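Encoded as C-alpha cells, the structure appears first; notes follow it.
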Amino acid sequence: MQLEPAAGDSVDVRAALSRLRRASGLPVAFGGLLSGAGRYRINELAGTETAVLHGLDILQGNGLGGKAVALSRPLAVTDYSASSVISHEYDAAVAAEGLRSVLAVPVIVRRRVRGVLYGALRRPVRLGDRPLSAAVEAARELEQALVLQDEAARLLSLTRQPTAAEPARWEEVREAHGELRALAQRIADPLLRREMLAACGRLATASAKRPGTEDRTGPALSPREVDVLACVASGATNAVVAERLGLRPETVKSYLRSGMRKLGAHTRLQAVIAARRVGALP
C-alpha cells in the first residue's frame, strides 16, 4: 500500500530543504517521506536543473539514501557514481542531474524512519562537518514538524468522534480543543491550520447546543482571547499559557483581561463558564 504525503508534509519538507541549502552552502537539495513499506519517495526538489529525481522511490538499503535509512544515520560520498560503499540502483538519475558529492540524512520520528533528506554538489568534493551538521539540523527540525503533524492528527480524530451522547467525554474533548488551538499556532501548513481551527469552532458550537445549555449570542472574542481562555480552562497558569502560545506573560494577562471584560466576568473561572455558555469554548 502506497502512502501519499499530506499537503502539510510537503510544506514541511520544502522548508527543511530550504534550511539545508541555506545553512550548508550546498546548491542542491531534495528529499521525501515514507510512501510504503521500506520505500521513500523523492517528492520535493530544490536547486535541481531537471525533474529526473522527482517521484523516485528509494528502497531501504539501496543507494546512499537507502543505506542511510537502513543504518539510521547520516552518510556522505565524495563521488556518487564511483563510490564502493553504496549500491548503484539510482546512478542514472543522479548522473542525469549531474550530481557528484552527495549526503543523505534520515528523518526519524519516535524511532521510526519517516523520510530522507539529501544535499549535493556537482563536483567531487569531500563534504566536511558544516554541510553534514546543517543537514542533520534540517532533519531534526523536520522531525519536530512531523511530531506536530502527528499530534494534530490525533487531536483532530478526537474531535470527529461522537460525544453528544457521552457527557463524561466532554472533558477530554475540551482538553483536545485547548491543545488544538495552541498547536495551530505552530503548524506551518495554512490548510492544516485552518482545518484545526475549524474543528475547534465545531467543538465550541456543539457544546453550546448541548441539551441543558443556554443558546444565545455572545460577545465577539478575538482569536487570541479564545486561545488564552482555552488554555486557562485546562487549569494553566499565565506563565504556562504564555509558553504554550509563544506570548509574553504580560500579553497573556492583557488578553485575559479583555476577554473577561467582554464576558462580564470577574474571575478566570467565571470567564471560562461564560465563554462556554456563549459557544466560544466547548
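Overview of results
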quantity: Student exercise, segment 216-279 dipole from Lys, Arg, Asp, Glu Cβ charges, in Debye to nearest 20; calculated: 240 debye
quantity: 0 to 90° range, to nearest 10: angle between helix 249-263 axis and the chain longest Cα axis; calculated: 40 degrees
quantity: Folded to 0 to 90 degrees: helix 129-159 orientation relative to the chain principal axis, Cα; calculated: 40 degrees
quantity: Estimated 222 nm signal from helices in the chain, with DSSP H stretches of n ≥ 4 weighted -39500 (n - 2.57), rounded to 500; calculated: -16500 deg cm²/dmol
quantity: Histogram of C-alpha separations across segment 7-143, 5 Å bin width, %; calculated: 2, 12, 24, 28, 23, 10, 2, 0
quantity: Normalised contact order of segment 7-143, rounded percent, pairs of Cα under 8 Å and 6 or more residues apart; calculated: 27 percent
quantity: Extension reserve of the Val85-Glu243 stretch, reckoned as 0.36 nm per residue once the Cα distance is removed; calculated: 52.2 nm
quantity: Taking the chain and dividing mean pair separation by its residue count, relative contact order in percent (alpha carbons under 8 Å, at least six apart); calculated: 15 percent
quantity: Summed residue charge, Cβ within 11 Å of Ala104's Cβ, Lys/Arg positive, Asp/Glu negative; calculated: +2
quantity: Between helix 190-208 and the chain: long-axis angle, C-alpha atoms, 0 to 90°, nearest 10; calculated: 20 degrees
quantity: Computed label-point distance, nm, for sites Ser133 and Ala95 using a 7 Å Cα→Cβ extension; calculated: 3.6 nm
quantity: Average projected area [Cα convex hull, the chain], square nanometres; calculated: 17.2 nm²
quantity: Magnitude of the charge dipole, segment 66-121, Cβ model with Lys/Arg +1 and Asp/Glu -1, debye to 20; calculated: 540 debye
quantity: Protection proxy ranking, peptides 127-133, 174-180, 241-247, average beta carbon neighbours within 10 Å, highest first; calculated: 174-180, 241-247, 127-133
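Rule-based calculations on the coordinates, nothing more; no lab input. On a predicted model such as this, the values are computed, not experimentally measured, just so you know. We place every Cβ from the backbone using ideal geometry, glycine too, and count neighbours over all the protein chains shown.
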